[in-house]
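For reference, the structure is listed below as C-alpha coordinates.
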Amino acid sequence: MSFPAFKAPISCLLGVVVTGLWFQLMVVSSASAEPPVETVVAERTNPAVQVITVEYTASASLGGVTLNNNAWKLFERGIAKARAGELVSVRAVAAWVFDHIRDDPTRYYRTVGSHRTVKMSSRYVGSGFIAAETGYVVTARHVVTPDPAIRNGFVSDGVAAFAKTDGDAMVRLFRKWDLSRATKRDIRASVAAFDRAKVKVNVSPPRVAVLLGVASVTGARIGQTQPADVVYRSAPALGEDIGVLRVRVAAKLPALALATDAPGQGSQIYVNCFPAAATWTKGMSEAARLQPTLSSGQVTALKASTGGINLLQTNAAASPGCSGGPALNEAGAVVGILVSGAVDSRGIPVGQNYVQPGGLIGEALRRSALDIKPSLTTDLYNQALTDYHHDYFTKALEEFKAVQALYPAHAYVGTYITDSQAAISAGRDKTSPTPPTIPPVAVGALLAFALLIGASVVAFVIARWHRTNPARQQPHQLPAGQATGRDVPTAPEQDPASTPGPDDPSNPTIPHVDLAATAMTGVEDPHSQDVEAVDDEAPDTFPAWRPIDFVPAYPAADTDTPAQPAAWPDAATQPPSPEDLHR
(Lines give C-alpha, C1' and ligand atoms only; values in the text may rest on other atoms or scores of the structure.)
Protein backbone atom coordinates (compact mmCIF):
# COMPACT_ATOMS: atom_id res chain seq x y z
CA MET A 1 0.00 0.00 0.00
CA SER A 2 1.34 3.45 -0.84
CA PHE A 3 1.12 6.65 1.11
CA PRO A 4 1.24 9.47 -1.49
CA ALA A 5 0.55 12.15 1.11
CA PHE A 6 4.10 11.98 2.60
CA LYS A 7 6.33 10.85 -0.29
CA ALA A 8 7.58 14.41 -0.85
CA PRO A 9 8.51 15.15 2.80
CA ILE A 10 10.51 11.90 3.04
CA SER A 11 12.34 12.71 -0.17
CA CYS A 12 13.19 16.18 1.13
CA LEU A 13 14.38 14.74 4.42
CA LEU A 14 16.68 12.23 2.71
CA GLY A 15 18.06 15.02 0.53
CA VAL A 16 18.86 17.16 3.57
CA VAL A 17 20.59 14.25 5.34
CA VAL A 18 22.70 13.31 2.32
CA THR A 19 23.67 16.92 1.64
CA GLY A 20 24.65 17.50 5.28
CA LEU A 21 26.75 14.35 5.43
CA TRP A 22 28.51 15.29 2.20
CA PHE A 23 29.17 18.81 3.49
CA GLN A 24 30.61 17.51 6.76
CA LEU A 25 32.77 15.04 4.85
CA MET A 26 34.12 17.87 2.70
CA VAL A 27 34.95 19.96 5.78
CA VAL A 28 36.79 17.10 7.48
CA SER A 29 38.64 16.06 4.32
CA SER A 30 39.76 19.62 3.61
CA ALA A 31 41.59 19.86 6.96
CA SER A 32 45.06 18.40 7.60
CA ALA A 33 45.76 16.04 10.45
CA GLU A 34 45.93 17.84 13.78
CA PRO A 35 49.41 17.88 15.37
CA PRO A 36 49.90 16.11 18.73
CA VAL A 37 48.76 17.99 21.81
CA GLU A 38 52.34 18.21 23.07
CA THR A 39 53.35 19.95 19.84
CA VAL A 40 50.49 22.44 20.13
CA VAL A 41 51.33 23.25 23.76
CA ALA A 42 55.04 23.67 23.02
CA GLU A 43 54.49 25.85 19.94
CA ARG A 44 52.04 28.13 21.71
CA THR A 45 54.00 28.55 24.95
CA ASN A 46 57.68 28.44 23.96
CA PRO A 47 57.81 32.14 22.95
CA ALA A 48 56.70 33.25 26.43
CA VAL A 49 58.76 30.80 28.54
CA GLN A 50 62.02 32.46 29.61
CA VAL A 51 65.26 31.88 31.52
CA ILE A 52 65.54 33.93 34.72
CA THR A 53 69.09 34.82 35.74
CA VAL A 54 70.17 36.09 39.15
CA GLU A 55 73.75 37.28 39.62
CA TYR A 56 75.36 37.84 42.98
CA THR A 57 78.74 39.40 43.77
CA ALA A 58 80.45 39.09 47.13
CA SER A 59 83.70 39.86 48.89
CA ALA A 60 85.36 37.79 51.61
CA SER A 61 87.96 39.32 53.94
CA LEU A 62 90.18 37.78 56.59
CA GLY A 63 93.38 38.79 58.40
CA GLY A 64 96.49 36.70 58.76
CA VAL A 65 96.23 33.54 60.89
CA THR A 66 98.61 32.59 63.68
CA LEU A 67 98.65 30.64 66.93
CA ASN A 68 97.89 32.46 70.17
CA ASN A 69 99.23 32.11 73.72
CA ASN A 70 96.92 29.18 74.44
CA ALA A 71 98.66 27.25 71.69
CA TRP A 72 102.09 28.00 73.18
CA LYS A 73 100.92 26.73 76.56
CA LEU A 74 99.64 23.61 74.83
CA PHE A 75 103.06 23.08 73.28
CA GLU A 76 104.67 23.51 76.71
CA ARG A 77 102.40 20.79 78.09
CA GLY A 78 103.30 18.53 75.19
CA ILE A 79 107.01 19.08 75.71
CA ALA A 80 106.56 18.35 79.40
CA LYS A 81 104.85 15.09 78.56
CA ALA A 82 107.73 14.18 76.28
CA ARG A 83 110.28 14.85 79.02
CA ALA A 84 108.21 12.69 81.36
CA GLY A 85 108.23 9.88 78.81
CA GLU A 86 104.52 10.03 78.03
CA LEU A 87 105.20 11.13 74.44
CA VAL A 88 108.10 9.34 72.83
CA SER A 89 108.98 11.59 69.87
CA VAL A 90 108.80 15.02 68.32
CA ARG A 91 106.20 13.66 65.89
CA ALA A 92 104.08 12.42 68.79
CA VAL A 93 104.19 15.82 70.49
CA ALA A 94 103.06 17.59 67.32
CA ALA A 95 100.27 15.04 66.81
CA TRP A 96 99.06 15.49 70.41
CA VAL A 97 99.10 19.31 70.17
CA PHE A 98 97.27 19.64 66.85
CA ASP A 99 94.76 16.97 67.82
CA HIS A 100 93.66 19.34 70.59
CA ILE A 101 93.81 22.41 68.34
CA ARG A 102 91.62 20.67 65.71
CA ASP A 103 88.87 20.14 68.32
CA ASP A 104 88.69 23.85 69.21
CA PRO A 105 90.47 26.03 66.62
CA THR A 106 89.11 29.39 67.78
CA ARG A 107 90.74 28.81 71.20
CA TYR A 108 94.21 28.41 69.74
CA TYR A 109 94.31 30.65 66.63
CA ARG A 110 94.00 34.40 66.19
CA THR A 111 93.98 36.86 63.32
CA VAL A 112 96.68 39.46 62.86
CA GLY A 113 97.72 42.07 60.32
CA SER A 114 95.72 43.67 57.55
CA HIS A 115 92.74 41.96 55.99
CA ARG A 116 93.05 40.07 52.76
CA THR A 117 90.13 40.29 50.34
CA VAL A 118 88.77 37.89 47.77
CA LYS A 119 86.09 38.98 45.27
CA MET A 120 83.60 36.41 44.06
CA SER A 121 80.61 36.21 41.74
CA SER A 122 78.02 33.58 40.99
CA ARG A 123 75.11 33.36 38.57
CA TYR A 124 72.00 31.26 39.12
CA VAL A 125 69.22 30.34 36.72
CA GLY A 126 65.53 29.53 37.01
CA SER A 127 62.46 29.60 34.79
CA GLY A 128 59.49 31.91 34.33
CA PHE A 129 56.86 33.03 31.84
CA ILE A 130 55.68 36.36 30.45
CA ALA A 131 52.22 37.06 31.85
CA ALA A 132 51.45 40.33 30.04
CA GLU A 133 52.53 41.96 26.80
CA THR A 134 53.67 44.98 28.84
CA GLY A 135 56.61 42.99 30.23
CA TYR A 136 55.46 41.36 33.48
CA VAL A 137 57.11 38.00 34.11
CA VAL A 138 55.97 35.46 36.71
CA THR A 139 58.41 33.13 38.43
CA ALA A 140 58.87 31.49 41.83
CA ARG A 141 59.67 33.81 44.72
CA HIS A 142 62.68 31.80 45.84
CA VAL A 143 64.30 32.21 42.41
CA VAL A 144 64.71 35.98 42.87
CA THR A 145 65.09 36.18 46.66
CA PRO A 146 68.46 35.93 48.45
CA ASP A 147 68.66 32.76 50.47
CA PRO A 148 70.97 31.89 53.40
CA ALA A 149 72.32 29.06 51.28
CA ILE A 150 73.73 31.62 48.82
CA ARG A 151 75.69 33.41 51.53
CA ASN A 152 76.85 30.09 52.91
CA GLY A 153 78.09 29.20 49.45
CA PHE A 154 80.14 32.39 49.27
CA VAL A 155 81.51 31.69 52.76
CA SER A 156 82.64 28.26 51.61
CA ASP A 157 84.23 29.75 48.50
CA GLY A 158 86.00 32.43 50.51
CA VAL A 159 87.23 29.93 53.08
CA ALA A 160 88.51 27.69 50.28
CA ALA A 161 90.46 30.64 48.87
CA PHE A 162 92.10 31.42 52.24
CA ALA A 163 92.34 28.01 53.89
CA LYS A 164 94.70 26.32 51.44
CA THR A 165 97.16 29.21 51.66
CA ASP A 166 96.91 29.45 55.45
CA GLY A 167 97.08 25.69 55.97
CA ASP A 168 100.13 25.29 53.77
CA ALA A 169 101.86 28.17 55.58
CA MET A 170 101.18 26.57 58.97
CA VAL A 171 102.50 23.19 57.83
CA ARG A 172 105.71 24.83 56.58
CA LEU A 173 106.06 26.62 59.90
CA PHE A 174 106.29 23.27 61.71
CA ARG A 175 108.33 21.43 59.09
CA LYS A 176 111.04 20.63 61.66
CA TRP A 177 108.56 18.65 63.77
CA ASP A 178 108.54 15.59 61.50
CA LEU A 179 104.82 15.94 60.89
CA SER A 180 102.87 12.83 59.93
CA ARG A 181 100.25 12.90 57.20
CA ALA A 182 97.53 12.73 59.83
CA THR A 183 98.97 15.73 61.67
CA LYS A 184 99.20 17.73 58.43
CA ARG A 185 95.52 16.95 57.82
CA ASP A 186 94.69 18.11 61.37
CA ILE A 187 96.59 21.37 60.81
CA ARG A 188 94.80 22.12 57.55
CA ALA A 189 91.40 21.13 58.99
CA SER A 190 91.87 23.31 62.06
CA VAL A 191 92.98 26.31 59.98
CA ALA A 192 90.00 25.89 57.63
CA ALA A 193 87.60 25.72 60.58
CA PHE A 194 89.09 28.88 62.05
CA ASP A 195 88.93 30.68 58.70
CA ARG A 196 85.25 29.75 58.39
CA ALA A 197 84.53 31.11 61.84
CA LYS A 198 86.32 34.40 61.26
CA VAL A 199 85.85 35.24 57.57
CA LYS A 200 83.63 38.22 56.83
CA VAL A 201 81.48 37.96 53.70
CA ASN A 202 79.56 40.84 52.17
CA VAL A 203 76.96 39.85 49.53
CA SER A 204 75.66 42.57 47.22
CA PRO A 205 71.97 42.78 46.25
CA PRO A 206 71.16 40.43 43.39
CA ARG A 207 71.00 41.61 39.80
CA VAL A 208 67.93 39.99 38.27
CA ALA A 209 67.47 39.67 34.54
CA VAL A 210 65.35 37.84 31.99
CA LEU A 211 67.31 36.10 29.25
CA LEU A 212 64.70 37.06 26.72
CA GLY A 213 64.45 34.60 23.84
CA VAL A 214 64.70 36.55 20.59
CA ALA A 215 65.47 35.73 16.97
CA SER A 216 69.00 36.06 15.64
CA VAL A 217 69.83 37.13 12.10
CA THR A 218 69.84 33.43 11.16
CA GLY A 219 66.41 32.90 12.69
CA ALA A 220 67.63 30.84 15.68
CA ARG A 221 66.57 31.71 19.20
CA ILE A 222 69.24 33.54 21.19
CA GLY A 223 69.22 35.22 24.58
CA GLN A 224 68.91 38.98 25.02
CA THR A 225 69.64 39.96 28.61
CA GLN A 226 66.97 42.34 29.87
CA PRO A 227 67.44 43.80 33.38
CA ALA A 228 64.37 43.14 35.48
CA ASP A 229 62.86 44.82 38.52
CA VAL A 230 61.27 42.61 41.17
CA VAL A 231 57.88 44.30 41.56
CA TYR A 232 56.21 41.67 43.74
CA ARG A 233 57.25 38.94 46.17
CA SER A 234 54.68 36.88 48.02
CA ALA A 235 54.89 36.98 51.81
CA PRO A 236 56.86 33.98 53.16
CA ALA A 237 54.48 33.74 56.10
CA LEU A 238 51.64 32.90 53.70
CA GLY A 239 53.55 29.95 52.29
CA GLU A 240 53.16 31.21 48.73
CA ASP A 241 56.11 31.09 46.36
CA ILE A 242 55.34 33.69 43.68
CA GLY A 243 57.46 36.53 42.33
CA VAL A 244 56.69 39.02 39.57
CA LEU A 245 59.34 40.81 37.50
CA ARG A 246 59.10 43.71 35.06
CA VAL A 247 61.19 44.10 31.92
CA ARG A 248 60.80 47.13 29.71
CA VAL A 249 60.72 46.36 26.00
CA ALA A 250 59.26 48.66 23.33
CA ALA A 251 57.12 45.93 21.77
CA LYS A 252 54.08 43.82 22.51
CA LEU A 253 55.59 40.70 24.05
CA PRO A 254 54.11 37.22 23.71
CA ALA A 255 52.38 36.21 26.94
CA LEU A 256 50.51 33.29 28.46
CA ALA A 257 47.01 33.57 29.90
CA LEU A 258 45.89 32.03 33.17
CA ALA A 259 43.47 29.13 32.87
CA THR A 260 39.91 29.81 33.98
CA ASP A 261 39.40 26.28 35.34
CA ALA A 262 41.61 24.45 37.83
CA PRO A 263 42.67 20.92 36.88
CA GLY A 264 41.45 17.99 38.94
CA GLN A 265 43.11 14.78 39.96
CA GLY A 266 43.92 12.75 36.84
CA SER A 267 43.96 15.79 34.54
CA GLN A 268 46.71 16.00 31.96
CA ILE A 269 49.31 18.62 32.77
CA TYR A 270 52.41 19.96 31.00
CA VAL A 271 55.50 21.68 32.43
CA ASN A 272 57.61 23.94 30.19
CA CYS A 273 60.90 25.09 31.69
CA PHE A 274 64.70 25.09 31.54
CA PRO A 275 66.14 22.15 33.53
CA ALA A 276 69.75 23.06 34.25
CA ALA A 277 71.20 19.62 33.52
CA ALA A 278 69.73 19.68 30.01
CA THR A 279 69.95 23.42 29.37
CA TRP A 280 73.58 24.13 30.25
CA THR A 281 75.12 20.94 28.89
CA LYS A 282 78.54 21.48 27.35
CA GLY A 283 78.64 21.28 23.58
CA MET A 284 75.16 22.71 23.08
CA SER A 285 74.64 25.75 20.87
CA GLU A 286 73.09 28.89 22.35
CA ALA A 287 69.87 28.21 20.45
CA ALA A 288 69.73 24.71 21.93
CA ARG A 289 70.33 26.00 25.46
CA LEU A 290 67.50 28.51 25.13
CA GLN A 291 64.96 25.99 23.86
CA PRO A 292 62.46 25.20 26.65
CA THR A 293 61.95 21.58 27.66
CA LEU A 294 58.34 20.31 27.73
CA SER A 295 57.31 17.35 29.87
CA SER A 296 53.86 15.91 30.46
CA GLY A 297 52.10 13.95 33.17
CA GLN A 298 48.98 13.87 35.27
CA VAL A 299 47.81 15.64 38.37
CA THR A 300 48.41 12.72 40.70
CA ALA A 301 46.96 14.33 43.82
CA LEU A 302 45.46 17.54 45.18
CA LYS A 303 47.16 18.48 48.43
CA ALA A 304 47.64 21.38 50.80
CA SER A 305 50.49 22.53 53.01
CA THR A 306 50.09 22.89 56.75
CA GLY A 307 49.67 26.61 56.10
CA GLY A 308 46.63 25.95 53.92
CA ILE A 309 48.26 26.56 50.53
CA ASN A 310 46.72 24.36 47.84
CA LEU A 311 49.13 22.36 45.71
CA LEU A 312 48.91 20.23 42.60
CA GLN A 313 51.04 17.12 42.80
CA THR A 314 52.19 15.91 39.39
CA ASN A 315 54.41 13.25 37.88
CA ALA A 316 55.42 15.56 35.02
CA ALA A 317 59.21 15.51 34.96
CA ALA A 318 61.10 18.47 36.44
CA SER A 319 64.54 19.09 37.90
CA PRO A 320 66.66 21.93 39.33
CA GLY A 321 66.38 24.95 37.07
CA CYS A 322 62.65 24.44 36.51
CA SER A 323 61.56 26.50 39.52
CA GLY A 324 59.08 29.14 38.36
CA GLY A 325 58.30 27.36 35.09
CA PRO A 326 54.63 27.29 34.06
CA ALA A 327 52.39 24.26 34.41
CA LEU A 328 49.93 24.21 31.52
CA ASN A 329 46.72 22.59 30.35
CA GLU A 330 46.11 21.16 26.87
CA ALA A 331 45.17 24.60 25.52
CA GLY A 332 48.48 26.10 26.68
CA ALA A 333 46.92 28.16 29.49
CA VAL A 334 48.75 28.42 32.81
CA VAL A 335 47.34 26.31 35.64
CA GLY A 336 50.23 27.03 38.05
CA ILE A 337 53.99 27.33 38.54
CA LEU A 338 56.44 24.66 39.61
CA VAL A 339 57.94 25.29 43.04
CA SER A 340 59.32 22.08 44.57
CA GLY A 341 59.78 18.34 44.31
CA ALA A 342 59.53 15.36 46.64
CA VAL A 343 62.65 13.42 47.65
CA ASP A 344 63.24 10.32 49.73
CA SER A 345 65.29 10.07 52.93
CA ARG A 346 68.51 10.03 50.87
CA GLY A 347 67.59 13.20 49.00
CA ILE A 348 66.85 11.36 45.75
CA PRO A 349 63.84 12.66 43.74
CA VAL A 350 60.87 10.29 43.69
CA GLY A 351 59.22 11.64 40.54
CA GLN A 352 56.51 13.72 42.21
CA ASN A 353 56.65 17.50 41.93
CA TYR A 354 54.53 20.31 43.33
CA VAL A 355 52.77 23.17 41.55
CA GLN A 356 51.21 26.20 43.19
CA PRO A 357 47.91 26.70 41.32
CA GLY A 358 47.12 29.51 38.93
CA GLY A 359 44.52 30.93 41.30
CA LEU A 360 47.33 32.07 43.60
CA ILE A 361 49.05 33.75 40.67
CA GLY A 362 45.85 35.61 39.78
CA GLU A 363 45.41 36.75 43.37
CA ALA A 364 49.02 37.92 43.53
CA LEU A 365 48.61 39.93 40.33
CA ARG A 366 45.40 41.50 41.63
CA ARG A 367 46.95 42.33 45.00
CA SER A 368 49.91 44.03 43.33
CA ALA A 369 47.58 46.06 41.05
CA LEU A 370 49.75 45.41 38.02
CA ASP A 371 48.71 46.36 34.52
CA ILE A 372 48.12 42.84 33.20
CA LYS A 373 46.69 42.86 29.68
CA PRO A 374 46.15 39.99 27.20
CA SER A 375 48.75 39.71 24.48
CA LEU A 376 47.56 40.54 20.96
CA THR A 377 50.85 39.05 19.73
CA THR A 378 49.99 35.68 21.27
CA ASP A 379 46.38 35.72 20.02
CA LEU A 380 47.48 36.34 16.44
CA TYR A 381 50.33 33.86 16.71
CA ASN A 382 48.08 31.07 17.97
CA GLN A 383 45.57 31.69 15.18
CA ALA A 384 48.40 31.65 12.64
CA LEU A 385 49.62 28.32 14.04
CA THR A 386 46.14 26.85 13.66
CA ASP A 387 45.91 27.99 10.03
CA TYR A 388 49.45 26.80 9.36
CA HIS A 389 48.67 23.28 10.54
CA HIS A 390 45.51 23.23 8.38
CA ASP A 391 47.67 24.10 5.34
CA TYR A 392 46.05 27.52 4.97
CA PHE A 393 49.50 28.93 4.30
CA THR A 394 48.45 32.19 2.60
CA LYS A 395 46.22 33.09 5.51
CA ALA A 396 48.84 31.99 8.05
CA LEU A 397 51.52 34.01 6.25
CA GLU A 398 49.52 37.22 6.63
CA GLU A 399 48.97 36.50 10.32
CA PHE A 400 52.62 35.64 10.99
CA LYS A 401 53.66 38.91 9.34
CA ALA A 402 51.21 40.78 11.61
CA VAL A 403 52.84 39.07 14.62
CA GLN A 404 56.27 40.15 13.39
CA ALA A 405 55.06 43.73 13.09
CA LEU A 406 53.89 43.69 16.71
CA TYR A 407 57.08 42.05 18.01
CA PRO A 408 59.93 42.11 15.48
CA ALA A 409 62.25 40.10 17.77
CA HIS A 410 59.83 37.15 18.07
CA ALA A 411 61.99 34.06 18.37
CA TYR A 412 59.96 31.76 16.09
CA VAL A 413 57.76 33.74 13.73
CA GLY A 414 60.51 34.30 11.16
CA THR A 415 60.93 30.56 10.67
CA TYR A 416 57.19 30.09 10.14
CA ILE A 417 57.11 32.92 7.59
CA THR A 418 59.87 31.22 5.61
CA ASP A 419 58.19 27.81 5.85
CA SER A 420 54.80 29.23 4.81
CA GLN A 421 56.31 30.89 1.77
CA ALA A 422 58.03 27.63 0.80
CA ALA A 423 54.76 25.69 1.16
CA ILE A 424 52.91 28.17 -1.06
CA SER A 425 55.63 27.91 -3.71
CA ALA A 426 55.40 24.11 -3.55
CA GLY A 427 51.64 24.23 -4.25
CA ARG A 428 50.57 22.89 -0.86
CA ASP A 429 48.41 25.87 0.06
CA LYS A 430 44.71 25.11 0.72
CA THR A 431 43.64 28.65 1.53
CA SER A 432 41.84 29.10 -1.87
CA PRO A 433 39.05 28.51 -2.45
CA THR A 434 37.96 29.80 0.90
CA PRO A 435 37.41 26.81 3.15
CA PRO A 436 33.99 26.29 4.71
CA THR A 437 33.57 28.50 7.73
CA ILE A 438 30.90 26.38 9.41
CA PRO A 439 32.63 24.04 11.82
CA PRO A 440 31.73 20.33 11.88
CA VAL A 441 29.99 20.78 15.25
CA ALA A 442 27.63 23.34 13.71
CA VAL A 443 27.00 21.01 10.77
CA GLY A 444 26.04 18.26 13.19
CA ALA A 445 23.67 20.60 14.97
CA LEU A 446 22.05 21.57 11.67
CA LEU A 447 21.62 17.91 10.76
CA ALA A 448 19.99 17.16 14.09
CA PHE A 449 17.63 20.10 13.59
CA ALA A 450 16.79 18.90 10.06
CA LEU A 451 16.06 15.40 11.35
CA LEU A 452 13.76 16.83 14.03
CA ILE A 453 11.84 18.88 11.46
CA GLY A 454 11.63 15.91 9.10
CA ALA A 455 10.33 13.61 11.84
CA SER A 456 7.69 16.17 12.75
CA VAL A 457 6.57 16.39 9.10
CA VAL A 458 6.35 12.59 8.83
CA ALA A 459 4.33 12.35 12.04
CA PHE A 460 1.96 15.05 10.85
CA VAL A 461 1.39 13.36 7.45
CA ILE A 462 0.80 9.94 9.04
CA ALA A 463 -1.72 11.45 11.44
CA ARG A 464 -3.62 13.10 8.56
CA TRP A 465 -3.62 9.84 6.58
CA HIS A 466 -5.16 7.97 9.52
CA ARG A 467 -7.91 10.53 9.82
CA THR A 468 -8.74 10.34 6.07
CA ASN A 469 -8.90 6.52 6.00
CA PRO A 470 -11.79 5.46 8.32
CA ALA A 471 -11.45 1.79 7.41
CA ARG A 472 -8.13 1.76 9.25
CA GLN A 473 -9.38 3.56 12.39
CA GLN A 474 -9.48 1.78 15.75
CA PRO A 475 -12.77 1.49 17.77
CA HIS A 476 -13.52 4.60 19.74
CA GLN A 477 -12.63 4.18 23.42
CA LEU A 478 -15.33 5.57 25.67
CA PRO A 479 -14.67 7.10 29.05
CA ALA A 480 -14.79 4.77 32.02
CA GLY A 481 -18.35 4.01 33.12
CA GLN A 482 -20.05 4.66 29.74
CA ALA A 483 -22.09 1.78 28.21
CA THR A 484 -20.39 -0.09 25.37
CA GLY A 485 -22.56 -3.19 25.35
CA ARG A 486 -21.17 -4.30 28.69
CA ASP A 487 -20.73 -2.71 32.08
CA VAL A 488 -17.34 -1.19 32.75
CA PRO A 489 -16.49 -0.99 36.45
CA THR A 490 -15.43 2.39 37.69
CA ALA A 491 -12.48 2.92 40.00
CA PRO A 492 -13.49 3.60 43.60
CA GLU A 493 -13.11 7.17 44.70
CA GLN A 494 -10.14 7.86 46.99
CA ASP A 495 -9.54 10.54 49.55
CA PRO A 496 -6.83 12.81 48.08
CA ALA A 497 -5.25 13.06 51.48
CA SER A 498 -4.75 9.28 51.60
CA THR A 499 -3.28 9.04 48.08
CA PRO A 500 0.47 8.36 48.18
CA GLY A 501 2.47 11.14 46.56
CA PRO A 502 5.38 10.68 44.20
CA ASP A 503 7.88 11.02 47.06
CA ASP A 504 6.02 8.66 49.41
CA PRO A 505 7.88 5.37 50.03
CA SER A 506 4.55 3.54 50.09
CA ASN A 507 3.87 4.44 46.45
CA PRO A 508 4.55 1.07 44.71
CA THR A 509 5.16 2.65 41.29
CA ILE A 510 8.06 4.90 42.29
CA PRO A 511 11.34 3.45 43.62
CA HIS A 512 12.38 5.32 46.76
CA VAL A 513 15.96 5.95 47.84
CA ASP A 514 16.71 7.36 51.25
CA LEU A 515 19.64 9.62 50.35
CA ALA A 516 20.34 10.45 53.96
CA ALA A 517 20.78 6.78 54.80
CA THR A 518 23.33 6.35 51.99
CA ALA A 519 25.46 9.37 52.86
CA MET A 520 29.11 8.44 53.55
CA THR A 521 29.29 10.00 56.98
CA GLY A 522 31.19 8.40 59.81
CA VAL A 523 32.31 5.47 57.66
CA GLU A 524 35.63 4.07 58.74
CA ASP A 525 38.19 3.60 55.98
CA PRO A 526 39.22 -0.09 56.08
CA HIS A 527 42.67 0.92 54.79
CA SER A 528 43.28 3.62 57.37
CA GLN A 529 46.37 3.32 59.55
CA ASP A 530 47.64 5.08 62.63
CA VAL A 531 50.05 7.82 61.68
CA GLU A 532 52.65 9.62 63.70
CA ALA A 533 51.50 12.95 65.11
CA VAL A 534 52.91 16.00 63.37
CA ASP A 535 55.00 18.38 65.45
CA ASP A 536 53.08 21.65 65.75
CA GLU A 537 56.37 23.53 65.67
CA ALA A 538 57.43 21.98 62.37
CA PRO A 539 58.07 24.36 59.48
CA ASP A 540 55.34 24.95 56.92
CA THR A 541 56.66 22.34 54.48
CA PHE A 542 56.16 18.67 53.81
CA PRO A 543 58.84 16.46 55.42
CA ALA A 544 60.05 15.13 52.06
CA TRP A 545 60.14 18.43 50.24
CA ARG A 546 63.18 19.87 48.57
CA PRO A 547 62.96 23.08 46.57
CA ILE A 548 63.71 22.69 42.88
CA ASP A 549 66.11 25.57 43.29
CA PHE A 550 67.70 27.73 40.73
CA VAL A 551 71.18 26.35 40.25
CA PRO A 552 74.58 27.78 39.29
CA ALA A 553 74.92 28.08 35.56
CA TYR A 554 78.65 28.45 35.90
CA PRO A 555 81.24 27.61 38.63
CA ALA A 556 79.99 28.81 41.98
CA ALA A 557 82.77 31.33 42.51
CA ASP A 558 85.33 33.15 40.43
CA THR A 559 88.11 34.66 42.52
CA ASP A 560 90.09 37.48 41.04
CA THR A 561 92.30 38.33 44.03
CA PRO A 562 94.55 35.51 45.25
CA ALA A 563 94.91 35.23 49.02
CA GLN A 564 98.40 35.95 50.28
CA PRO A 565 100.15 33.47 52.60
CA ALA A 566 100.15 34.35 56.26
CA ALA A 567 103.71 34.93 57.46
CA TRP A 568 104.56 34.41 61.14
CA PRO A 569 103.52 37.86 62.33
CA ASP A 570 105.80 38.45 65.31
CA ALA A 571 109.49 38.04 64.62
CA ALA A 572 110.22 38.04 68.36
CA THR A 573 107.90 35.11 68.93
CA GLN A 574 109.04 32.16 66.91
CA PRO A 575 107.23 28.82 66.86
CA PRO A 576 108.39 26.17 69.32
CA SER A 577 111.42 24.16 68.26
CA PRO A 578 111.97 20.41 68.63
CA GLU A 579 115.18 21.25 70.53
CA ASP A 580 112.98 22.44 73.41
CA LEU A 581 112.34 18.77 74.23
CA HIS A 582 116.03 18.35 75.27
CA ARG A 583 116.49 21.51 77.33
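The values are calculated or read from the model by the stated rules, or taken from the named source; none is laboratory data. From a predicted model like this one, the values you see are computed outputs, not experimental measurements. Cβ placement follows ideal geometry from the backbone for every residue including glycine, while neighbour counts extend to all protein chains displayed. Keep in mind that these areas ignore ligands, DNA and RNA; they rest on the heavy atoms of the full protein, side chains included. Shrake-Rupley method; radii C 1.70, N 1.55, O 1.52, S 1.80 Å.
Are there strands (runs of 3 or more DSSP E) fully within the range 200-278 with at least 2 residues that are within 21 Å of Leu385 (Cβ to Cβ) and in contact (Cβ under 8 Å) with a residue 12 or more places away in the chain? List them.
The strands (runs of 3 or more DSSP E) meeting that bar are 207-215, 268-273.
Quickly run through the range 79-113 and pick out the residues that are more than 22 Å from Asn69 (Cβ to Cβ) and without any contact (Cβ under 8 Å) to a residue 60 or more places away in the chain.
Residues satisfying the conditions are Ala84, Gly85, Glu86, Val88, Ala92.
Scan the range 32-57 residue by residue and report those that are at pLDDT 95 or above, small (Gly, Ala, Ser) and surrounded by fewer than 24 Cβ atoms within 10 Å (Cβ to Cβ).
Scanning the range 32-57 gives a single hit, Ala42.
Identify, please: which residue in the range 279-307 is over 20 Å from Ser323 (Cβ atoms) and in a loop (DSSP other than H, G, I, E, B) and is, among those, least open to solvent (accessible area, probe 1.4 Å)?
Applying the filter and picking the extreme gives Ser285.
Taking the residues in the range 112-145 that are among the aromatic types (Phe, Trp, Tyr) and open to solvent by 10 Å² or more (accessible area, probe 1.4 Å) as candidates, determine which candidate is farthest from Ile242 (Cα to Cα).
Tyr124
Would you check if Ala327 is of a type in the set (A, V, I, L, M, F, W, C), closer than 20 Å to Gly126 by Cα, surrounded by fewer than 24 Cβ atoms within 10 Å (Cβ to Cβ) and at pLDDT 90 or above?
no
Among the listed residues Ser121, Ser127, identify the single one that is at pLDDT 90 or above, within 30 Å of the chain's Cα centre (by Cα) and closer than 30 Å to Ala250 by Cα.
Criteria check complete, one pass: Ser127.
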